[in-house]
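All remarks here apply to the structure that follows.
Rule-based calculations on the coordinates, nothing more; no lab input. Predicted model, so just to flag it, every value in this text is computed and none were measured. A quick note on method: Cβ atoms are made from the backbone with ideal geometry, for glycine too, and the neighbour counts reach across all protein chains shown.
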Amino acid sequence: MQQTKTIQYQVLDSLQELSVDEQKHIQNAQAQTQNAYAPYSNFKVGAIVVLEDGSHVIGSNQENRAYPSGLCAERVALFAVGAQHSDKKIKSIYIAAKGDLIEKDEMLSPCGACRQVLLESQLRQYLPIKIYLIGMNGKISIFDSVHDLLPFAFGM
C-alpha cells in the first residue's frame with residue numbers, strides 16, 4: 001500500500017514580510033556566522049534560539065581538527081538551552097549560513113543529527129518549535145514544527 005506524507009512550509013522572498021522581531025532574530029543569526037570556527041569546511045553557521053520569555057541563546061558551528069569533535073550551530077545553541085534554561089520553553093530557532101557547501105539558490109537545511117536534536121527538544125517540551133532557515137539568496141523558509149523537517153524520526 002502506498003502512503004503519502006505532506007510536509008508544509010512557507011518560503012518568503014524578503015525580510016520585510018516578517019515582523020520587526022523576526023527580522024532582528026534573522027539578522028542576529030546571520031551575525032553569529034562570524035563567531036563560527038570553521039577553518040576546515042569554511043562553511044559558517046549561526047543559530048539563535050528564542051525562548052518563551054523573549055530571551056535568546058546563540059550558537060555557531062565549532063569545528064575541530066579531530067573530526068568529528070566539532071559541533072553544529074544548532075546543537076551548540078540547543079544544548080546551551082538545555083544546560084542553562086531547562087525551565088523555559090523554546091519558541092523558535094533561526095539558522096543562517098554562509099559558505100560554498102550549498103549553492104546560493106539552495107535551501108539551507110540542518111543536518112540529520114541537528115534535526116534529531118531539534119525533534120527531541122520539541123518532544124521534551126510538548127510544544128512545536130518554529131524553524132526559520134535563512135538562505136544565502138535572502139529567501140526565508142519557515143517550518144511550524146520540527147516534524148516537517150524530520151517526518152520519519154528515529155524513535156518515533
Unit-weight point scatterers at every alpha-carbon of the chain, Debye formula, q = 0.13, 0.15 1/Å: log10 I(q)/I(0) is -0.57, -0.77
Anyone know which of L108, L119, L127 comes out most mobile in the 10 Å Cα GNM of the chain?
L127
HN-Hα J couplings of segment 3-8 from phi, Karplus 6.51/-1.76/1.60, θ = phi - 60°, integer Hz, Gly and Pro as x?
10, 10, 10, 9, 10, 10
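Taking only complete DSSP H runs, can you tell me which helices of the chain stretch 15 Å or more along their own long axis by Cα positions and average at least -0.5 on the Kyte-Doolittle scale? The partial results should precede the final answer.
On the way: long enough: 20-32 (18 Å, -1.48); 73-84 (16 Å, 0.86); 112-125 (20 Å, -0.31).
Span-like helices in the chain: 73-84, 112-125.
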Taking only Cα atoms and a 10 Å spring cutoff, compute GNM fluctuations for the chain and point out the largest among Q122, Q27, Q84.
Q84
Estimated dipole of segment 10-148 in Debye, rounded to 20 [Cβ of Lys and Arg +1, of Asp and Glu -1, Cα centre]:
380
For the chain, what relative contact order do you get, as a whole percent, if you take Cα pairs closer than 8 Å and at least 6 residues apart?
25
If exposed means no more than 16 neighbouring beta carbons inside 10 Å and the site is in a DSSP loop, what's the longest run of the chain without any exposed GluC sites (Glu not before Pro)?
1-51
With the chain treated as a Gaussian network of Cα nodes joined by springs under 10 Å, which of Q34, Q116, Q16 yields the largest mean-square fluctuation?
Q16
